[in-house]
1. On average, how many beta carbons from a partner chain sit within 10 Å of the beta carbon of a residue in B:53-59?
2. Given H placed 1.01 Å from N in the peptide plane, which residues other than close sequence neighbours of B:S337 have an amide H under 5 Å from its amide H?
3. Please give the net charge around A:M287, taking every other residue with its beta carbon less than 10 angstrom from that of A:M287, where Lys and Arg add +1 and Asp and Glu add -1.
4. In region A:259-295, what trypsin sites (Lys or Arg not before Pro) fall in a loop by DSSP, with at most 16 other Cβ atoms inside 10 Å?
5. Tally Lys and Arg at +1 and Asp and Glu at -1 over the other residues with C-beta under 14 Å from the C-beta of A:S239: what net charge comes out?
6. Taking a ≥ b ≥ c as the square roots of the Cα gyration tensor eigenvalues, with a/c under 1.5 meaning rounded and otherwise prolate when a/b beats b/c, else oblate, which class fits region B:8-62?
7. Looking at region B:1-110, which trypsin sites (Lys or Arg not before Pro) are in a loop (DSSP not H, G, I, E or B) and have at most 12 other Cβ atoms within 10 Å?
8. Between A:N109 and B:E116, what FRET efficiency follows from the Cβ-Cβ distance if R0 is 22 Å, with the result rounded to 0.05?
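Derivation of every value follows stated rules applied to the coordinates shown; laboratory data play no part. Everything numeric in this text was worked out from a predicted model, so none of it was measured. Methodologically, a virtual Cβ is constructed for each residue, glycine included, from the backbone with ideal geometry; neighbour enumeration extends over all protein chains shown.
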Number of protein chains: 2
Amino acid sequence: MSVRKTTMKSLAEDLGVSRSAVSFVLNGEAAKRRIPPETAQRILARAKELNFRPDFFAQALNTRKTGAVGLVFPDVHEAFMSEMLRGIDQVFARNDAVMMLSSSRLDRNQEARNLETLIHRGIDGLIIVPCADFRGHPSTAIPLTQQFEAVNLPVVMVDRIPDGWQGDSVVQDDFAAARQVVSRLVAKGCRRVACVTFDLCASSLDSRVAGYVTALSEAGLEPDQRLVIRLHRVDSGSSDLELALRSLLAQPTDRRPDGWFITTAGLALRTRELLQILSGPGPLPAMARFGSDSRYQGSLMYGVAQPHQLMGQRAAELLFQRLEGGAGPAENLVLLSHVQTEVSFA
Amino acid sequence: MSVRKTTMKSLAEDLGVSRSAVSFVLNGEAAKRRIPPETAQRILARAKELNFRPDFFAQALNTRKTGAVGLVFPDVHEAFMSEMLRGIDQVFARNDAVMMLSSSRLDRNQEARNLETLIHRGIDGLIIVPCADFRGHPSTAIPLTQQFEAVNLPVVMVDRIPDGWQGDSVVQDDFAAARQVVSRLVAKGCRRVACVTFDLCASSLDSRVAGYVTALSEAGLEPDQRLVIRLHRVDSGSSDLELALRSLLAQPTDRRPDGWFITTAGLALRTRELLQILSGPGPLPAMARFGSDSRYQGSLMYGVAQPHQLMGQRAAELLFQRLEGGAGPAENLVLLSHVQTEVSFA
DNA sequence: CTGAAAGCGCTTACAG
DNA sequence: CTGAAAGCGCTTACAG
């Protein structure tokens, strides 16, 4: 009964076998290394009895594998992140991988730091929802793509694809969903559909706006830049948004929006609240948006239910495929959103 | 220009100093070890120039410190977890600690496994929202408290405190909030307030039910066990709940509930939906519950806004205090909830 | 105050 | 097929 902790060394000495034998057996290479089965059994039995597992750090120091995957989100934000985590968690549990979570708080510099930390601590792979810069405000941080090409890290990019990204990715059908939902507004008679979005360098938002423009064009409506509100900062106080809305609502009736398309759920919520305040009682014009919380009442409302959970799941599956040595060309999954009518008083 | 990666050894040789000097300087012990400041500067300068950081695994193998904190939640559940993470994330960013996240999927055995994994991989501390067994169905897993006392791991327990836990904890004022919100129902004239809860071994739920009973007693009302619905499993199909509700609603009018108290937000949502279906159109009896999503409409509704984000923040602060060597007696923080009226048609 | 040396616990050629 | 040995990259007594 030594008081010292169990190590491969002590275990080998106990059993009178070599340390390498223990190492090989515990790593499942007994057959490959032609360890006599009887010896292998004794080692396994003893290890189980002592509840012994090889020291993680010593192992990692040699193999450079950790069984951990980095998860980087732009924000620890309610629905999006936890829905994705749900999907990711399932897959991780099956692969007993561990999640190292970090949020970049919508800051590219923070994102770069987080990533460096994760890489330094050793992750086998990375799932990242990149955060985007506001247009015209490029960050000073090292470009995302550059940051991991040096370390040969399997990466799955989710939701937003930076320019020039060649690897795996999972996105939703931003363009198609936007186009579809805006078409519905048009079909309901809307002729002057306004759009509210962030002026971010994010492929997802670009696609949504493109879908909006396309839907209008297809209906023979001239897209009107004056109806597009692009917010240039996060502006939680909503004052930028409020100003923009006021100025739109101040137009003569025939220039005022008769429908709204909003590119994100959070923004839709705020827009909705402001419109309610600014335009007083009575039903609001019809609205379509990304997102699907059912907090809206009182007018025609379309939502794009976003497949966040599935995106997480697919991203994780894709990553583990790579980690298990799956080579092959980059995969770019596009998951379908579900367009739905939530409230119709029409 | 060697092609080999930089190590302390190579760095020391380049500079013609000893490896220990490099180690000491890079660990901020230059002064303590009386390294000549000029030497220290050279080392620091070179390290910065090469962007060198000591290998994480080698370091951890020696020091047994990782700068990682384990986070164990019962479920990757929408509001609760992401709100807590928000609070935790802030504090972690300040302390540049890394989060290792795992969810036990409401399963004690899974929780035990997750915990073992995390401990094996090396965490400096742990923040855990324990998952509870259903009453009468004790799990076969090793009791939570036992599992980390062997490894001398700083732990902060959140939301539910297992019996016999002596360490730090952060909870909300379950008893007081329940009592207050049920008192309001009574003040509004409710005389037969039913209660819906899970039959879990969770201190938080116990306190909420106790608050309910106390509020009734204080108002001179006899708590009636027949009005208390205790669900014995998660039962996402809600069939247990539906049966219980049906049987209550089938009573003669003077035995039927005229108010509801529900111990969790999710349960409230389901109860609400079922009541609406089972009792047809018309306003429902007043309801009070933990949670504060504003998806309820059409009758008197009290909510207990839960301070989840603050709970996360405080838990993280408490943990880092311990990690920085803060000794002293266990702290048990009780955070105040905010009782609010959400909809009043009364 | 310094530097050579042992040690952390494992992996993996390599010579037998 | 085995076992002694070097190596992973760092930390830290310990003798000078």
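1. Numbers: counts 3, 1, 4, 9, 12, 4, 2.
Going residue by residue through B:53-59 and averaging, the value is 5.
2. It is B:D173, by chain and number.
3. On the way: positive: A:R272, A:R289; negative: A:E342.
Counting the neighbours of A:M287, the net charge comes to +1.
4. Values: sites: A:R270, A:R272, A:R289, A:R295; in loops: A:R295.
In loop regions of region A:259-295 (DSSP not H, G, I, E or B), the sparsely surrounded trypsin sites (Lys or Arg not before Pro) are A:R295.
5. Numbers: positive: A:R233, A:R246, A:R270; negative: A:D235, A:D240, A:E242, A:E273.
Result for the local shell: -1.
6. Working: a/c = 1.69, a/b = 1.23, b/c = 1.37.
Note, shape of region B:8-62 comes out oblate.
7. Working: sites: B:R4, B:K5, B:K9, B:R19, B:K32, B:R33, B:R34, B:R42, B:R46, B:K48, B:R64, B:K65, B:R86, B:R94, B:R105, B:R108; in loops: B:R4, B:K5, B:K32, B:R33, B:R34, B:R64, B:K65, B:R105.
Within region B:1-110, the qualifying trypsin sites (Lys or Arg not before Pro) (loop, at most 12 other Cβ atoms within 10 Å) are B:R4, B:K5, B:K32, B:R34, B:R64, B:K65.
8. Values: r = 36 Å, r/R0 = 1.65.
Efficiency, from the Cβ-Cβ distance: 0.05.
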